[in-house]
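Everything on this sheet refers to the single structure shown next.
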Amino acid sequence: MKFFSENIEDLRTLYIANLRKALDMEQKITKALPTMIEKATDPQLASAFSNHLTETQGHLAKVESLLRNVNNGEADTSTCKAISALVTEAEDNIKDAADTTIRDITLIASAQQVEHHEIAVYGTLRTWAELLGEDEAAEILDSILDEEKNADELLTAIADGVNTAAANTTNAVPTHV
Ligand SMILES: [Fe+2]
Ligand SMILES: [Fe+2]
């Protein structure tokens, strides 16, 4: 973990600094996903989280290796404040949900916010790797990006079913007598 400010003067230094943040991001997601699996009621949702935990462990290993390759063998992390905030918000949302359907919906919403952040992070890192002539790294980053996009699309598909179930339940309760 870095506690001092970095002097970022060029794209390579910026790329390395953001790989450090991506490593912290994947470590935090790896820690958060087991709770999300445990709290999910919809079996498809629990299974999607479980599969993505395996993928996330792969992302962690890939980012760590990419970082070591350009950072004299070091894999020191730098705090990803965005993911810390999203994970805290997800934990609050889980606590606030009054029933399992609402909890599933909020789990999907939180997970998609995380996936969208990851998509932005890996899209940027892949482009920077290309600009720096790090072609092999760019391919690896692109493969991670694909898995993040697929995870997001799967969550959208699962949300369709869960949201419809919640809407039907809500509509079944008369608001006027
Ligand atoms: Fe990831
Ligand atoms: Fe992800």
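Points to keep in mind about this one:
- Subset tally (residues that are open to solvent by 70 Å² or more (accessible area, probe 1.4 Å), outside any helix (DSSP H, G or I) and modelled with pLDDT of 95 or more) for the range 73-104: 1
- Among the candidates Glu38, Glu55, residue that is closer than 30 Å to Asp96 by Cα, of a type in the set (Asp, Glu) and within 11 Å of ligand 2 (Cβ to nearest atom): Glu55
- Just so you know, in the range 41-50 the residues that are within 14 Å of ligand 2 (Cβ to nearest atom) and in contact (Cβ under 8 Å) with a residue 40 or more places away in the chain include one that is surrounded by the fewest Cβ atoms within 10 Å (Cβ to Cβ), and it is Ala48.
- Hits in the range 133-153 (condition: of a type outside the set (D, E, K, R), within 11 Å of ligand 2 (Cβ to nearest atom), open to solvent by 10 Å² or more (accessible area, probe 1.4 Å) and touching a residue at least 12 places away in the same chain (Cβ under 8 Å)): Ala151
- Test for Ile119: is it open to solvent by 30 Å² or more (accessible area, probe 1.4 Å), in a helix (DSSP H, G or I) and closer than 16 Å to Leu60 by Cβ: no
- Checked against (1) assigned to a helix (DSSP H, G or I); (2) farther than 30 Å from Ile16 by Cα, Leu145 passes all but condition (2).
- Filter result for Glu64 (open to solvent by 30 Å² or more (accessible area, probe 1.4 Å), at pLDDT below 95 and not aromatic (Phe, Trp, Tyr)): no
- Inclusion of Thr30 among residues that are in contact (Cβ under 8 Å) with a residue 12 or more places away in the chain, farther than 20 Å from Arg126 by Cα and surrounded by fewer than 15 Cβ atoms within 10 Å (Cβ to Cβ) is warranted.
- Thr127 more than 15 Å from ligand 2 (Cβ to nearest atom), of a type in the set (S, T, N, Q) and over 14 Å from Leu19 (Cα atoms): no
The values are calculated or read from the model by the stated rules, or taken from the named source; none is laboratory data. Owing to the predicted nature of the structure, the values given are computational and were not obtained by experimental measurement. Please note: Cβ atoms are built from the backbone with ideal geometry, for glycine as well, and neighbour counts cover all protein chains shown. For the accessible areas, the whole protein counts, side chains as well, though only heavy atoms, and no ligand, DNA or RNA atoms are used. Shrake-Rupley method; radii C 1.70, N 1.55, O 1.52, S 1.80 Å.
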